[in-house]
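The values are calculated or read from the model by the stated rules, or taken from the named source; none is laboratory data. Remember, it's a predicted structure, so these values are computed and weren't measured experimentally. When we count neighbours, we look across all protein chains shown, and the Cβ atoms used for this are built from the backbone with ideal geometry, even at glycine. We work out accessible area using only protein heavy atoms, side chains counted, and drop any ligands, DNA or RNA first. Shrake-Rupley method; radii C 1.70, N 1.55, O 1.52, S 1.80 Å.
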Amino acid sequence: MTESKTLTGSSLLFEVLKDHGVQHVFGYPGGAIMPIYDALYDSDVKHFLCRHEQGAAFSAVGYARAAGTVGVCFATSGPGATNLITGLADALADSIPVVAITGQVPTAAMGSDAFQEIDIFGLSLACTKHSFQVTDINELEKVLHQAFEIALEGRHGPVLVDIPKDIQLAEVTQRLDKLSHLKNKVQLPLADISKALELLTHAKQPILYVGGGVGMANAVEEVREFAEKTGMPSVSTLKGLGAINPDNENYLGMLGMHGTKAANIAVQESDLLVVVGARFDDRVTGKLDEFAPNAKVIHFDIDTAEINKRRTADAAILGDLKGNLPLLTTNLEISVWQQRLQQMKTDFAWRYDHPGDNIYAPAVLKTVSDLMPSNTCVTTDVGQHQMWAAQHMAFNDPSNFLTSAGMGTMGFGLPAAIGAQISRPHDTVIAVSGDGSIMMNIQELATIKRYQIPVKIVLIDNAKLGMVRQWQDLFFDGRLSETDLSDNPDFVMLSRAFDIKSQKITKKSEIKAAVEEMLDHDGPYLLQVQIDAAENVWPLVPPNTANDKMMEGA
Amino acid sequence: MNPMTLNKYQLVIMADDKQVVLERILQVTRYRGFLINAMNAEVNTGNNVATITMTVSSDRPISLLVDQINKLIDIKGVKVDNSEVQIQQYSA
């Protein structure tokens, strides 16, 4: 402990934020967090006023993912705090380090059903990695440091700190001496390196199955080197996209429900899966019992609980991927397998020669991908446009493709793009959205307007909740229930109301010039792309079906 | 009516004596698909460590629950009593 000048709890919060290098926060004020917003007035931290607390949470997520750091958001008690929950759940599902600070009614009023009182601490249990409620000013500093450490320690995740108003106003005169306050749990490491090497040596048809953990572990370089040196064919999950160099000749693209035909067939035929930072998600495996039925599994992960959770590992290597994966680098004699998969990749390559004058969504996203600067960060919302972006755009790093993978949260894309742009002001940021998703957090156009954030929005508009409509057509006898959005607002007019330049295109001949205009524009821009409402995402592995039994469209 | 075979396990959980720790354990246990048959919690006020003894049953492997409880920040450790008992429960 060190004696220092007297600080209020609120001022102490900003001191700790400074200790952790926090420069930007996203939030929305209200009654129970007013002392913190008063202290903000004198702080060097730049606050971005979002227009809904969910927008603030997603902006913090986008910030964290794009910059590889902790994202911070503020909200008041009651509805402010509950509005954060979807963003925190999203961060938990995708392992994103976020620290959420909520105001709470004064401790004396807690438990009395006070105005704007909700037990956010209780609500946080299922949607955060950890949470705190501070009821003693002398605990505040330690708790705040712990929040940052927990968010980044091991498997990343969101941490909530609920601070009652009287604690925000209480005074403290002592500061802690050290930054590290986490008690490290001792865990026996699982490290079947020799077993893994033996499995590799005997493998004739191995596949490297790459997940979002690679980017989180800062191990992109090591995974790419492993893929290059071993020549092992690779596939990626949605969240792993960008980890493998898209130009790697043995890279087959995304696997799973909307994965490439080559990736899914290769995994099904493999005799060994080397799984790096992935968790056998149900959207990846299809019918679990029939997923890669002949494959042994080497599983690398930072989280013990993922080992053997959905698929038994023949060798488990727990811990830091960056240090562990190079231990497995070895020569493989798999040229027959490589050639077969390269041929399959050629045979099943995407085609963009769609007939007619209408815009084919994959073609417009391919054009955006081809024309955008190399370090562009793309965010998406959730639905058909998300899968088309994953299939048809190329990313050179996982931090350049931010999508709500685990939670699948519509409304993610626009505020996440705002956060990404704040964290990387010199890079182009593009939000690919759909006409259903964008309306989920459309109020964030006001945030873009206020701060003139130069986010580009590619709005894929089919006047439908397209993915649900596709499933209703395919699996519910075409009974289209509540998926028609033909009464959408005029998005061009809407954008102009927020001083955002915009354009609508309807013909394929307009694509290239429109994309170039969008990318050349200095400020924010919305490009509305009208597509055929009947267009489906292909291929599709139907629910509870093996991945090699995929449906393919016309 | 199909009989569902449930395995019964006894867990001994050591945790920091935090007010919320029982809620966290209950939430994880329910969410991961385990029924609580019995529970006892005591605190050693000398070292502020709580010991929670819990009998749970499920058709799922106990490692699933142990790994998830172990991930909780306030948990110091989880032990499983190996004497596994099978019980049959009839679902409606």
Quiz item: With the other protein chains left in place, how much accessible area per residue, in square angstrom, belongs to chain A at a 1.4 angstrom probe?
Solution: 40 Å²
Quiz prompt | Net lengthening on full extension, A:A126/A:S335 (0.36 nm per residue, minus Cα-Cα) | solution = 70.5 nm
Practice problem: Round to the nearest 10 and give me the degree value, 0 to 90, for the angle of helix A:335-347's Cα axis relative to the longest principal axis of chain A. | Solution: 90 degrees
Quiz item: Average partner chain C-beta neighbours within 10 Å, per residue of B:20-30?
Solution: 2
Quiz item: Which entries of A:K366/A:K449; A:K129/A:K449; A:K449/A:K504; A:K129/A:K456 show an alpha-carbon separation above 25 angstrom in the structure shown?
Solution: A:K366/A:K449; A:K129/A:K449; A:K129/A:K456
Quiz item: Can you work out the FRET efficiency for the pair A:E15 and A:A497, with r the C-beta to C-beta distance and R0 = 51 Å, to the nearest 0.05?
Solution: 0.80
Quiz prompt | Accessible area of B:D81 in the full protein assembly, 1.4 Å probe (Å², nearest 10) | solution = 60 Å²
Self-check item: Carbon/sulfur fraction of accessible area - the stretch A:386-480, other protein chains in place, 1.4 Å, %
Solution: 55 percent
Quiz item: So what is the relative contact order of the stretch B:3-90, in percent, for Cα pairs below 8 Å that sit 6 or more residues apart?
Solution: 50 percent
Exercise. Enumerate the whole-percent occupancy of each 10 Å bin, from 0 to the last occupied one, for all C-alpha pair distances of the protein assembly as shown.
Key: 3, 15, 24, 25, 20, 10, 2, 0
Exercise. Kindly sort B:S63, B:S58 by accessible area of their heavy atoms, largest first, with the probe set to 1.4 Å.
Key: B:S63, B:S58
Self-check item: Stretch gain in nm, segment B:K18-B:K79, where the contour uses 0.36 nm per residue and the Cα spacing is subtracted
Solution: 20.0 nm
Quiz item: Against the longest alpha carbon principal axis of chain A, how many degrees, from 0 to 90 and to the nearest 10, is the axis of helix A:511-520 turned?
Solution: 30 degrees
Practice problem: For the stretch A:331-418, run through the trypsin sites (Lys or Arg not before Pro) and keep only the ones in DSSP coil with at most 10 other Cβ atoms within 10 Å of their Cβ. | Solution: A:R351
Quiz item: Rounded to the nearest 5, what is the percent of antiparallel bridges among the DSSP beta bridges in chain A?
Solution: 10 percent
Quiz item: Do you know the relative contact order of the stretch A:193-347, to the nearest whole percent, from alpha carbon pairs under 8 angstrom that are 6+ apart?
Solution: 29 percent
Self-check item: Förster radius 22 Å - calculated FRET efficiency between A:E228 and A:T201, Cβ distance, rounded to 0.05
Solution: 0.70
Quiz item: Which is the longest stretch in chain A that no exposed loop site breaks, taking sites as chymotrypsin sites (Phe, Trp or Tyr not before Pro) with a DSSP loop state and at most 15 other Cβ atoms within 10 Å?
Solution: A:116-349
Quiz item: How much solvent-accessible surface does A:E139 expose, in Å² to the nearest 10, with a 1.4 Å probe and all protein chains in place?
Solution: 80 Å²
Exercise. Report, for the stretch A:193-347, the % of DSSP beta bridges that are antiparallel, rounded to 5.
Key: 0 percent
Practice problem: Taking all protein chains together and a probe of 1.4 Å, list A:E225, A:E269 from the most accessible to the least accessible. | Solution: A:E225, A:E269
Self-check item: Sulfur and carbon atoms: percent of accessible area, the stretch A:2-175 [1.4 Å]
Solution: 50 percent
Quiz item: When the chain is fully extended, how far beyond the present Cα-Cα distance does A:A513 get from A:R310, taking 0.36 nm per residue of separation?
Solution: 68.4 nm
Practice problem: Can you figure out the FRET efficiency of A:H426 with A:L49, using R₀ = 25 Å and their beta-carbon distance, to the nearest 0.05? | Solution: 0.60
Quiz prompt | Simple Cβ-charge dipole of the protein assembly as shown, Lys/Arg +1 and Asp/Glu -1, about Cα centre, in debye nearest 20 | solution = 600 debye
Quiz item: Using alpha-carbon pairs under 8 Å, 6+ residues apart, how would you state the relative contact order of chain A in percent?
Solution: 14 percent
Quiz prompt | Listed residue (A:A75, A:F300, A:G212) projecting farthest to the positive dipole end of chain A, Cβ model | solution = A:F300
